[in-house]
Amino acid sequence: MAKPGPRKTPTATLKLRGTYREDRRPTTEPRPIDHRPTKPTGITPESEAVWDEVCTDLQKLGLLSSTDGKILYRYCRLFPRWVRAQDFIERHGESYPVYERDSRGNFVLDGQGNRQIKYVAQLPQAATVNKLGVMLLRIEQEIGLTASARAGLSVLPAVVESAARTSDGEDFILRR
(Lines give C-alpha, C1' and ligand atoms only; values in the text may rest on other atoms or scores of the structure.)
Protein backbone atom coordinates (compact mmCIF):
# COMPACT_ATOMS: atom_id res chain seq x y z
CA MET A 1 0.00 0.00 0.00
CA ALA A 2 1.28 3.46 -0.87
CA LYS A 3 2.20 5.94 1.81
CA PRO A 4 0.09 9.11 2.01
CA GLY A 5 1.41 12.42 0.76
CA PRO A 6 4.05 13.29 -1.79
CA ARG A 7 7.10 11.09 -2.23
CA LYS A 8 10.22 12.09 -0.35
CA THR A 9 12.85 13.89 -2.41
CA PRO A 10 16.23 12.13 -2.32
CA THR A 11 18.95 13.90 -0.33
CA ALA A 12 21.23 14.10 -3.39
CA THR A 13 18.51 15.98 -5.29
CA LEU A 14 17.92 18.37 -2.38
CA LYS A 15 21.64 19.10 -2.18
CA LEU A 16 21.78 19.81 -5.91
CA ARG A 17 18.83 22.17 -5.57
CA GLY A 18 20.45 23.93 -2.64
CA THR A 19 17.43 23.20 -0.41
CA TYR A 20 18.95 20.49 1.78
CA ARG A 21 18.45 21.02 5.51
CA GLU A 22 20.10 18.61 7.91
CA ASP A 23 17.47 19.26 10.60
CA ARG A 24 14.62 18.14 8.30
CA ARG A 25 16.10 14.84 7.14
CA PRO A 26 15.97 11.60 9.10
CA THR A 27 19.33 10.42 10.40
CA THR A 28 18.41 6.86 9.42
CA GLU A 29 18.00 7.59 5.69
CA PRO A 30 19.91 5.01 3.61
CA ARG A 31 22.90 6.51 1.82
CA PRO A 32 23.83 4.39 -1.21
CA ILE A 33 27.41 4.29 -2.43
CA ASP A 34 27.95 6.89 -5.14
CA HIS A 35 29.36 4.84 -7.97
CA ARG A 36 28.24 3.37 -11.23
CA PRO A 37 26.15 0.19 -10.87
CA THR A 38 27.52 -2.97 -12.44
CA LYS A 39 26.44 -3.33 -16.06
CA PRO A 40 24.20 -6.39 -16.44
CA THR A 41 25.51 -9.27 -18.51
CA GLY A 42 23.68 -10.57 -21.55
CA ILE A 43 22.01 -7.33 -22.62
CA THR A 44 21.76 -6.39 -26.28
CA PRO A 45 24.22 -3.94 -27.84
CA GLU A 46 21.39 -1.39 -28.12
CA SER A 47 20.59 -1.74 -24.40
CA GLU A 48 24.27 -1.54 -23.56
CA ALA A 49 24.60 1.75 -25.47
CA VAL A 50 21.61 3.18 -23.59
CA TRP A 51 23.12 1.96 -20.29
CA ASP A 52 26.43 3.70 -20.97
CA GLU A 53 24.75 6.96 -22.05
CA VAL A 54 22.28 7.14 -19.15
CA CYS A 55 24.85 6.17 -16.52
CA THR A 56 27.26 8.82 -17.83
CA ASP A 57 24.56 11.51 -17.79
CA LEU A 58 23.34 10.64 -14.29
CA GLN A 59 26.89 10.39 -12.97
CA LYS A 60 27.64 13.91 -14.24
CA LEU A 61 24.61 15.16 -12.32
CA GLY A 62 25.60 13.27 -9.17
CA LEU A 63 22.35 11.29 -9.27
CA LEU A 64 23.76 7.80 -9.81
CA SER A 65 24.42 5.20 -7.16
CA SER A 66 25.06 1.49 -7.04
CA THR A 67 21.44 0.81 -6.04
CA ASP A 68 20.06 2.20 -9.30
CA GLY A 69 21.07 -0.85 -11.32
CA LYS A 70 17.67 -2.57 -11.52
CA ILE A 71 15.67 0.49 -12.57
CA LEU A 72 18.36 1.37 -15.12
CA TYR A 73 18.28 -2.22 -16.41
CA ARG A 74 14.51 -1.95 -16.99
CA TYR A 75 14.93 1.41 -18.72
CA CYS A 76 17.74 0.13 -20.94
CA ARG A 77 15.69 -2.92 -21.96
CA LEU A 78 12.53 -0.90 -22.69
CA PHE A 79 14.07 2.00 -24.62
CA PRO A 80 15.35 -0.03 -27.64
CA ARG A 81 11.93 -1.75 -27.89
CA TRP A 82 10.26 1.67 -28.00
CA VAL A 83 12.71 2.82 -30.72
CA ARG A 84 12.01 -0.28 -32.87
CA ALA A 85 8.23 0.13 -32.54
CA GLN A 86 8.51 3.86 -33.30
CA ASP A 87 10.63 3.14 -36.39
CA PHE A 88 7.98 0.65 -37.59
CA ILE A 89 5.24 3.25 -37.19
CA GLU A 90 7.25 5.84 -39.09
CA ARG A 91 7.65 3.40 -41.99
CA HIS A 92 4.14 1.87 -42.02
CA GLY A 93 1.84 4.29 -40.21
CA GLU A 94 -0.24 3.77 -37.07
CA SER A 95 -3.29 2.08 -38.56
CA TYR A 96 -4.52 -0.15 -41.35
CA PRO A 97 -7.88 -0.57 -43.09
CA VAL A 98 -10.07 -3.60 -42.47
CA TYR A 99 -12.16 -4.27 -45.56
CA GLU A 100 -15.80 -5.31 -45.75
CA ARG A 101 -16.38 -8.92 -46.88
CA ASP A 102 -19.51 -10.69 -48.07
CA SER A 103 -20.84 -14.00 -46.73
CA ARG A 104 -18.45 -15.96 -49.02
CA GLY A 105 -15.37 -14.06 -47.82
CA ASN A 106 -14.96 -11.93 -50.93
CA PHE A 107 -14.21 -8.23 -50.67
CA VAL A 108 -17.19 -5.92 -51.08
CA LEU A 109 -16.47 -3.34 -53.77
CA ASP A 110 -17.79 0.19 -53.97
CA GLY A 111 -19.19 1.78 -57.16
CA GLN A 112 -15.68 2.52 -58.49
CA GLY A 113 -14.36 -1.02 -58.01
CA ASN A 114 -12.37 -0.24 -54.83
CA ARG A 115 -12.58 -2.40 -51.76
CA GLN A 116 -15.01 -0.96 -49.22
CA ILE A 117 -13.45 -0.13 -45.84
CA LYS A 118 -15.31 -1.54 -42.85
CA TYR A 119 -13.17 0.25 -40.24
CA VAL A 120 -9.61 1.38 -39.54
CA ALA A 121 -7.69 -0.56 -36.88
CA GLN A 122 -4.62 0.46 -34.90
CA LEU A 123 -1.42 -1.48 -35.51
CA PRO A 124 -0.11 -3.35 -32.45
CA GLN A 125 3.13 -1.36 -32.67
CA ALA A 126 1.18 1.86 -32.04
CA ALA A 127 -0.14 0.46 -28.77
CA THR A 128 3.38 -0.72 -27.91
CA VAL A 129 4.79 2.78 -28.50
CA ASN A 130 2.10 4.31 -26.30
CA LYS A 131 2.50 1.83 -23.43
CA LEU A 132 6.30 1.85 -23.52
CA GLY A 133 6.26 5.65 -23.71
CA VAL A 134 4.30 5.85 -20.47
CA MET A 135 6.60 3.35 -18.73
CA LEU A 136 9.75 5.09 -19.97
CA LEU A 137 8.47 8.49 -18.88
CA ARG A 138 7.77 7.23 -15.35
CA ILE A 139 11.28 5.82 -15.09
CA GLU A 140 12.80 8.99 -16.58
CA GLN A 141 10.95 11.12 -14.02
CA GLU A 142 12.03 8.81 -11.22
CA ILE A 143 15.74 8.89 -12.04
CA GLY A 144 16.05 12.52 -13.18
CA LEU A 145 16.14 12.22 -16.97
CA THR A 146 13.39 14.75 -17.70
CA ALA A 147 13.63 18.53 -17.72
CA SER A 148 10.94 18.82 -15.04
CA ALA A 149 12.76 16.33 -12.82
CA ARG A 150 15.86 18.54 -13.06
CA ALA A 151 13.99 21.86 -12.95
CA GLY A 152 14.86 22.57 -9.33
CA LEU A 153 18.55 21.69 -9.65
CA SER A 154 20.96 24.63 -9.39
CA VAL A 155 23.71 24.98 -11.98
CA LEU A 156 26.33 27.69 -12.37
CA PRO A 157 28.38 28.79 -15.41
CA ALA A 158 31.60 26.80 -15.67
CA VAL A 159 34.56 28.32 -13.90
CA VAL A 160 36.46 25.22 -12.83
CA GLU A 161 37.89 22.23 -14.65
CA SER A 162 35.36 19.76 -13.21
CA ALA A 163 32.61 21.14 -15.43
CA ALA A 164 30.22 18.88 -17.29
CA ARG A 165 29.03 19.50 -20.84
CA THR A 166 25.38 19.40 -21.86
CA SER A 167 24.16 17.88 -25.11
CA ASP A 168 24.01 21.34 -26.72
CA GLY A 169 27.64 22.07 -25.80
CA GLU A 170 26.98 24.40 -22.84
CA ASP A 171 29.34 23.96 -19.90
CA PHE A 172 28.06 23.95 -16.33
CA ILE A 173 29.06 22.87 -12.84
CA LEU A 174 26.77 21.52 -10.19
CA ARG A 175 26.40 23.28 -6.84
CA ARG A 176 26.73 20.74 -4.05
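The values are calculated or read from the model by the stated rules, or taken from the named source; none is laboratory data. Quick caveat, the model's predicted, so the values are computed rather than measured. Virtual Cβ from ideal backbone geometry, glycine too; neighbours counted across all protein chains shown.
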*State all residues of the range 58-96 that are at pLDDT below 95 and polar (S, T, N, Q); if no residue qualifies, say none.*
Q59, S65, S66, T67
*How many of the residues in the range 38-67 are of a type in the set (D, E, K, R) and exposed (fewer than 14 other Cβ atoms within 10 Å of the Cβ)?*
2
*Search result, residues across the range 1-51 that are of a type in the set (S, T, Y), at pLDDT 85 or above and either in contact with a Leu (Cβ under 9 Å, 6 or more places away or on another chain) or not in a loop (DSSP other than H, G, I, E, B) (or both)*: S47
*For the range 102-119, which residues satisfy the criterion of being touching a residue at least 12 places away in the same chain (Cβ under 8 Å) and either surrounded by 11 or more Cβ atoms within 10 Å (Cβ to Cβ) or among the charged types (D, E, K, R) (or both)?*
R115, Q116, I117, K118
*Residues of the range 121-176 classified as modelled with pLDDT of 50 or more and among the hydrophobic types (A, V, I, L, M, F, W, C), total*: 18
*How many residues does the range 120-134 contain that are buried (at least 16 other Cβ atoms within 10 Å of the Cβ) and part of a helix (DSSP H, G or I)?*
5
